[in-house]
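Structure first, then comments.
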């Protein structure tokens, strides 16, 4: 007969073998489809976590999450876009551009418009308007893209830089038509109307801007000139006071002072 110690050892061994057997059985029940679902869920979770980290300016956390996402799927457009945003925040524009290009070629269950818009914004900020314009154009044609009015705003801005005034005006109007609260498009149209001496339209667009946005040096200086055309001294003085008090070191205030000395 086995002594007590040996019996206990055998019993433990039997329990261990049973546990291993059960684990093997559980693993064998996980189908390829289930594994695919689990991988996709992990991918989405890491991308979501990475974006949350980016919003918190936690670049290290974002980098870990997007790197993990790319381990799960090296063709994930969203993960490559996340990496591009990190590089962009770090001022690593060459690496950011490479990641954006991978994102545009990658696999995605979502619209490419978000990638196109982010990539276009980076190029726009670098003064590469000719390259940025088609990205904004493509993003603006995606009916499901929630930032479509903003994409059209940048279509207009790049078109202006490329001296295509007609396209710029059409893009700003389209943007404002999609979202009447798109203040920057209203300001662009107000500026264009003033340049065309359509002062009534300029005032209407500027009023629409002021309903949806805080005044900037540019909008206040434009308001001063519009109200001067109409002879509205009180409103002109109100704009002047705001420009002087809020933005005394702006180029617009300096321009106003030179204008007043004439």
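Computed from the coordinates by the stated procedures, all read-outs in this text should not be read as laboratory data. Keep in mind it's a predicted model, so treat the numbers as computed, not measured. Positions of Cβ are backbone-derived with ideal geometry, glycine not excepted, and every protein chain shown enters the neighbour counts.
To the nearest 10 degrees, how steeply does helix 4-29 sit against the main Cα axis of the chain, on a 0 to 90 scale?
That helix lies at roughly 40 degrees to the long axis.
Quote the convex hull volume per residue of the chain, based on C-alpha atoms, as a whole number of Å³.
198 Å³
Pop a pseudo-label 7 angstrom from the Cα along the beta-carbon direction at both residue 58 and residue 245 and give the gap in nm to one decimal.
Result: 4.2 nm between the two label points.
What percent do you get for the relative contact order of segment 117-187 when only Cα pairs under 8 Å and 6+ apart count?
Relative contact order, segment 117-187: 24 percent.
So if we plug the beta-carbon distance of residue 48 and residue 166 into 1/(1 + (r/R0)^6) with R0 = 30 Å, what FRET efficiency do we get, rounded to 0.05?
E between residue 48 and residue 166, to the nearest 0.05, is 0.10.
Could you tell me the relative contact order of the chain? Use alpha-carbon pairs under 8 Å, at least six residues apart, and round to a whole percent.
Contact order relative to length: 7 percent.
As an exercise, take the mean of 1/r over every pair of distinct alpha carbons in segment 45-91, invert it, and state the Kirkwood radius in angstroms.
Its Kirkwood hydrodynamic radius stands at 10.0 Å.
Using only the Cα atoms of segment 53-136, construct the convex hull and provide its projected area averaged over every direction, in square nanometres to one decimal.
If I average the Cα hull's projected area over directions, I get 5.2 nm².
Rounded to the nearest 10 degrees, what's the angle between the helix 32-55 long axis and the longest principal axis of the chain, both from Cα atoms, 0 to 90?
With rounding to tens, the tilt is 40 degrees.
May I have the extent of the alpha carbons of segment 87-239 along their three principal axes, as whole Å values ordered from largest to smallest?
In descending order, the Cα extents are 58, 31, 27 Å.
Report the relative contact order of segment 43-113, percent, no decimals, based on alpha-carbon pairs under 8 angstrom and at least 6 residues apart.
28 percent
With r defined as the distance between the Cβ atoms of residue 39 and residue 178 and R0 fixed at 35 Å, what FRET efficiency is calculated, to the nearest 0.05?
FRET efficiency, residue 39 to residue 178: 0.40.
Of the residues 41, 95, 208, which exhibits the maximal mean-square fluctuation in a Gaussian network model of the chain defined by a 10 Å Cα contact cut-off?
With Cα springs under 10 Å in the chain, the top fluctuation among 41, 95, 208 is at 41.
Based on the mean of other beta carbon atoms within 10 Å per residue, what is the order of 149-161, 217-229, 58-70, 241-253, most packed first?
Ranked from most to least packed, the peptides come out as 149-161, 217-229, 58-70, 241-253.
Please state, as a whole number in µm²/s, the translational diffusion coefficient that the Stokes-Einstein equation yields for segment 159-262 at 25 °C and 0.890 mPa s, with Rh defined as the Kirkwood radius across alpha carbon pairs.
For the chosen part, D equals 174 µm²/s.
At 222 nm, what helix-only mean residue ellipticity would the chain give, in deg cm²/dmol to the nearest 500, using -39500 (n - 2.57) for each DSSP H run of four or more?
-26000 deg cm²/dmol
Using only the alpha carbons of segment 111-179, what is the convex hull's orientation-averaged projected area in square nanometres?
If you wrap the Cα atoms of segment 111-179 in a convex hull and average its projections, you get 3.8 nm².
Mind pulling the angle between the C-alpha long axis of helix 148-161 and the longest principal axis of the chain? Nearest 10 degrees, somewhere in 0 to 90.
That helix lies at roughly 50 degrees to the long axis.
Between the alpha-carbon centers of segment 88-122 and segment 158-196, tell me the distance in whole angstrom.
26 Å
Which value in nm describes the separation of the simple spin-label points at residue 126 and residue 90, placed 7 Å from the Cα toward the beta carbon?
The two pseudo-label positions are separated by 1.6 nm.
What full-extension length gain, to one decimal in nm, is calculated for residue 141 and residue 207 as 0.36 nm per residue of separation minus the Cα-Cα distance?
Contour length minus Cα-Cα distance gives 20.9 nm.
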